[in-house]
Amino acid sequence: MNEDNLRKNPFFEEYRTPHDTVPFDRIRMEDYEEAFMEGIRRDNEQIEKTINNPEKPTFDNTIINNEDDKEGYYDLLERVSTVFFNLLSAETNDEMQALAQKMQPILTKHANDVSLNKQLFERVKYVHMHHRKLTAEEKMLLDNCYDGFVRSGALLDEEGKEKLRKLTEEASMLSLQFSQNLLKENKAFTLQITDEKQLDGLPETAIEAAAMAAKERQLEGWVFTLDFPSYSPFMTYSTQRDLREKLYMARNTVCTHDNSENNLDICKRLVNLRREMAQLLGYRTFADYVLKHRMASKVKNVYNLLYDLIDAYKPTAIKEYEQLENMAKKMEGKDFEMRQWDQGFYSHKLQLKKYNIDAEMLRPYFELSRVIDGVFGLANRLYGITFKENKDIPVYHPDVKAYEVFDKDGSFLAVFYADFHPREGKQGGAWMTEYQGQYIDRKGVNVRPHVSVVMNLTKPTEEKPALLTLSEVETFLHEFGHSLHGMFANTRFQSLSGTNVWWDFVELPSQFMENFAVEKEFLRTFAFHYQTGEPLPDELIERIRKSRNFMAATGCLRQVSLGLLDMAYYTKRDEFDEDIIPFEKKAWRKTILFPRKKRKTPDTCMTTQFSHIMAGGYAAGYYSYKWAEVLDADAFSVFQKEGIFNQETASRFRDCILSKGGTEHPMALYKRFRGGEPTIDALLKRNGIKKKRK
């Protein structure tokens with residue numbers, strides 16, 4: 001008999017791997033669709049059992065009946081979806097993208113079939129009105145379940161439900177198309193250089209990486225791409241202004257060209273679809289719909305935050321720009337007109353002048369394996385946890401490392417995957433995700449999470465190991481903060497565990513960890529020269545600290561501008577039919593620092609590549625990064641007061657916030673840790689911004 005006939009789909013059986021981790025090495029492309037369809041069938045079977053249960057609906061037989069059923073049967077759809085869609089971002093190919101196009105409408109229809117199932121909702125509604133005494137976590141689960149049905153259209157009439165089905169199905173397909181277009185456009189562009197003179201100004205690390213990129217593509221010379229580790233050094237160091245302009249325009253016009261990857265109409269349609277969905281559900285705008293489940297709660301509160309930040313930071317940002325322009329004019333002549341592709345180049349020159357520091361000076365001290373040791377060591381120092389690489393745990397690409405994580409008492413805590421470098425089938429940026437969430441099963445077993453961080457950090461070259469910038473170290477710390485939120489999860493229900501919290505709270509644990517990047521005591525643990533073994537010198541650490549707020553106000557306004565753009569789209573009450581490029585400029589005009597010149601600036605576009613708000617779940621929520629920054633600065637100020645490695649403080653942060661997931665209102669969790677509500681003062685102090693007197 002053919003061996004393939006005996007083979008069983010790995011999604012249908014026990015994984016038989018360390019900690020029941022995903023057997024990436026055994027999964028074939030054809031396994032996904034089979035598992036998706038069987039998962040939907042089993043899902044429907046379980047729902048039928050629930051709605052046909054002759055017993056009176058109760059919390060136990062209706063709500064946690066599904067939530068708790070984790071016996072390797074009912075969770076098949078979740079199991080395959082998690083693997084497939086994680087890999088669709090981290091290690092995709094043409095076959096996977098084609099299958100995603102095929103499955104997306106089927107999966108969306110199934111999700112709608114569940115959320116719009118009248119009989120199922122009636123049971124949930126009954127339990128919501130009549131239930132036994134519940135714990136706080138059970139009450140949160142019930143409220144979330146009921147509200148989830150309502151926010152998905154359960155109270156609509158049949159005509160409304162049918163309309164909502166069509167809107168959600170179209171939106172899910174367009175979000176997928178947006179992401180696929182963006183990946184194709186980003187990976188399609190290369191800047192090939194064959195004249196060595198055009199490498200002028202570039203550091204050795206960038207040149208070596210570009211040579212390797214050319215060799216991988218079987219091209220002569222040097223190749224630069226839109227991946228951040230390639231793009232950023234070129235924009236910072238290259239003296240070739242025309243090539244900086246070419247690279248800048250390529251990156252900032254992605255998905256605006258007259259080809260099949262154009263996202264302009266997709267973005268317009270997504271904005272309108274979301275507005276229509278929200279209004280169908282009784283909200284004025286999509287932002288009103290979203291903010292009902294956010295700490296900000298109202299559109300007004302979001303704008304108050306963004307405008308307060310503009311008031312606080314813009315005067316300093318204007319001074320920063322003036323300093324930058326003066327530096328450029330001194331170097332190039334008084335008639336020099338600075339453009340967008342010049343900012344990184346002259347910022348670097350100004351930083352060197354003011355602080356005698358730049359990213360390349362620090363790279364030799366941030367060799368990736370040592371950075372990993374440093375980040376893991378920080379977690380050990382704060383929380384007592386340890387990491388041990390386990391090469392028996394299957395991974396989906398050789399770049400990925402898999403670790404077992406053990407708690408301070410030696411018990412198993414989590415599996416941690418780390419995926420470090422850019423490659424062909426990988427989206428840009430950095431993110432954290434899970435292959436298994438934490439929960440406590442019916443037998444009382446605490447099922448531990450399998451957490452993954454995916455990044456696009458500098459790759460090793462033929463001559464050197466992977467040497468990171470300080471910014472990349474901060475990115476690692478950021479995503480690692482998310483992973484701690486997942487790894488420390490300790491809740492009964494998976495849908496409330498780990499990072500399953502309100503979106504303007506989810507960035508607190510990640511942004512909090514970034515604070516350690518400039519702390520001397522932390523740098524002392526891992527920052528050693530990769531060749532000599534010499535520690536990062538004290539005076540260089542001091543320069544890092546002094547330069548921490550370099551261009552901080554400009555950076556803040558950049559983030560605020562994106563928040564304003566997001567809100568401009570999703571506070572629309574009427575059909576959005578404007579041209580996107582001028583709409584962008586109008587939306588963020590309060591944050592603009594570049595003066596209007598007579599010479600026309602070529603049109604660029606953020607919206608067509610703004611994955612966060614078009615395909616990444618941050619629609620009407622991008623302000624969350626600044627909201628959480630207020631929280632993280634306030635929280636870190638507690639550590640600064642009590643000791644940045646104080647284990648009692650860290651334990652309180654873990655117990656009050658990191659382990660609780662979404663079991664309570666986030667402000668209640670924060671106040672339990674902090675002893676009060678946060679203020680903006682710590683953020684202003686950290687950024688060196690003077691607070692206005694009123």
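The values are calculated or read from the model by the stated rules, or taken from the named source; none is laboratory data. Keep in mind that this is a model prediction, so the values were computed, not measured. As a convention, Cβ positions derive from the backbone with ideal geometry for all residues, glycine included, and neighbour counts pool all protein chains shown. Ligands, DNA and RNA are excluded from the accessible area calculation, which covers all protein heavy atoms including side chains. Shrake-Rupley method; radii C 1.70, N 1.55, O 1.52, S 1.80 Å.
Side notes on the structure shown:
- Counting only residues that are without any contact (Cβ under 8 Å) to a residue 24 or more places away in the chain and surrounded by 18 or more Cβ atoms within 10 Å (Cβ to Cβ), the stretch 267-282 holds 1 of them.
- In the stretch 633-642 there is no residue that is closer than 30 Å to Leu174 by Cα and open to solvent by 30 Å² or more (accessible area, probe 1.4 Å).
- Residue check for Ala414: farther than 24 Å from Ala615 by Cβ and part of a helix (DSSP H, G or I): no
- Cβ-Cβ distances below 8 Å connect the following pairs, each with a first residue in the stretch 168-188 that is modelled with pLDDT of 95 or more, a second residue that is among the charged types (D, E, K, R) and part of a helix (DSSP H, G or I), and a separation of six or more residues or different chains: Glu169/Lys109; Glu170/Arg269; Ala171/Arg274; Leu174/Arg269.
- Yes/no for Ala287 being buried (at least 22 other Cβ atoms within 10 Å of the Cβ), on the phi < 0 side of the Ramachandran plot and part of a loop (DSSP other than H, G, I, E, B): no
- Residue within the stretch 645-661 that is on the phi < 0 side of the Ramachandran plot, buried (at least 17 other Cβ atoms within 10 Å of the Cβ), assigned to a loop (DSSP other than H, G, I, E, B) and at pLDDT below 95 present: no
- Selection over the stretch 624-653 of residues that are over 23 Å from Leu523 (Cα atoms) and touching a residue at least 24 places away in the same chain (Cβ under 8 Å) gives a count of 7.
- Flag for Asp60 being within 30 Å of Glu137 (Cα to Cα), open to solvent by less than 30 Å² (accessible area, probe 1.4 Å) and at pLDDT below 95: no
- Pick from the stretch 367-386, criterion more than 23 Å from the chain's Cα centre (by Cα) and open to solvent by less than 50 Å² (accessible area, probe 1.4 Å), ranking: nearest to Leu470 (Cα to Cα): Glu367
- Arg596 being open to solvent by 40 Å² or more (accessible area, probe 1.4 Å) and at pLDDT below 95: yes
- Count of residues meeting criterion [of a type in the set (A, V, I, L, M) and at pLDDT below 95] in the stretch 5-50: 2
- The C-beta contact set for the stretch 37-54 (first residue farther than 11 Å from His110 by Cβ, second residue among the charged types (D, E, K, R) and assigned to a helix (DSSP H, G or I), distance under 9 angstrom, 6+ apart or interchain) comprises Thr50/Arg123; Ile51/Glu122; Ile51/Arg123; Asn53/Arg123.
- Residue check: Lys692 meets all listed conditions (1) part of a loop (DSSP other than H, G, I, E, B); (2) at pLDDT 95 or above but one, namely (2).
- Among the residues of the stretch 447-495, those identified as open to solvent by 10 Å² or more (accessible area, probe 1.4 Å), assigned to a loop (DSSP other than H, G, I, E, B) and either more than 18 Å from Gly661 (Cα to Cα) or among the polar types (S, T, N, Q) (or both) are Asn456, Thr458, Lys459, Pro460, Thr461, Glu462, Glu463, Lys464, Pro465, Thr469, Asn490.
- Per-region count, the stretch 404-439, residues open to solvent by 50 Å² or more (accessible area, probe 1.4 Å) and closer than 14 Å to Ala489 by Cβ: 1
- Some residue of the stretch 14-30 being more than 29 Å from the chain's Cα centre (by Cα), under 30 Å from Arg123 (Cβ atoms) and open to solvent by 10 Å² or more (accessible area, probe 1.4 Å): no
- Thr205 vs. criteria β-branched (Val, Ile, Thr), in contact (Cβ under 8 Å) with a residue 60 or more places away in the chain and closer than 29 Å to Gln101 by Cβ: no
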